[in-house]
Amino acid sequence: MNNFQLKCFIVDDEPLAVELMRSYIEQTPFLKLVGCFSNALDVLTAMKTQPVDLLFLDIQMPEWTGLQLALLIDAFKTKIIFTTAFDHYALDGFKADALDYLLKPISYADFLKAAQKAQRYIGDAPAKTPEGNLIVRVDYQWRKINYNDILYFEAMRDYVAIHTRAGEKIITLSTLHNIAAMLPDALFLRVHRSFIVHLLKIQTIERKHIVFGKIRIPISNRSHKELMARLST
């Protein structure tokens, strides 16, 4: 398995904002947090001995702003995702060659989209989870699940249940939207607002339901045509 991770710094002078970004990075397998800083000088000092791939950089900070810091780190070839509570900084952020711009309060969906953009841009890591595996957090551990072992995903409020061929039900704190972003489109399809299925595991469809033994998964009207087209190829 390719264990490539983007090494990240969080740069923000607000402790609550730092903790939120820390929690988001911990939920994202291809990111690795290696430091948190509240001022620009400490970041520059740290990068001399510990270069990183990506900064989550607050724009409005005391002494030096994030924009000023961005102009000083080009030599380190570190990419930047700006974070700020003030949307009027967006244009200046992109002039500083930022990869993306996140407006506080930041949702995990927006964070993940920006992080995946960085992952694709940096280019050394694949855009999807490598070698046929999905990596999810289960309780306090990361767990690797082979795509071939998955039958379907089921949304459960703030969680997603991963149902396997062996009859196991694996629960992870996530949304179906975020799980879908990590799956290869060639193998999986969201057939309903609450379900994603592995296309190669489908054997029976009955009255707009996918049947796995005693389990019947509804197919939305919106997804039905695409599902049938995908299964016929």
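The values are calculated or read from the model by the stated rules, or taken from the named source; none is laboratory data. Just so you know, these numbers come straight off a predicted model, no measurement behind them. Every residue, glycine among them, receives a Cβ derived from its backbone with ideal geometry; neighbour counts consider all protein chains shown.
Ala166 passes every criterion in (1) touching an Asp or Glu at 6+ places or on another chain (Cβ under 9 Å); (2) within 28 Å of Ala109 (Cβ to Cβ) apart from (2).
Return the residues of region 164-187 that are part of a strand (DSSP E or B) and touching a residue at least 24 places away in the same chain (Cβ under 8 Å); say none if nothing qualifies. Quick ask: steps written out before the conclusion?
Filtering region 164-187 for residues part of a strand (DSSP E or B) gives 164, 169-173.
Listed by number, the residues that qualify are Ile170, Ile171, Thr172, Leu173.
Total residues in region 188-221 satisfying the condition of being of a type in the set (Lys, Arg) and assigned to a loop (DSSP other than H, G, I, E, B): the figure is 4. The requirement of being closer than 27 Å to Gln116 by Cα, outside the structural domain of Leu31 (by TED's automatic domain parsing) and exposed (fewer than 12 other Cβ atoms within 10 Å of the Cβ) is fulfilled nowhere in region 196-217; no residue meets it.
Here Leu134, Leu173, Leu227, Leu151 are screened, and the one residue that is within 26 Å of Lys117 (Cα to Cα), of a type in the set (A, V, I, L, M) and surrounded by 15 or more Cβ atoms within 10 Å (Cβ to Cβ) is Leu134.
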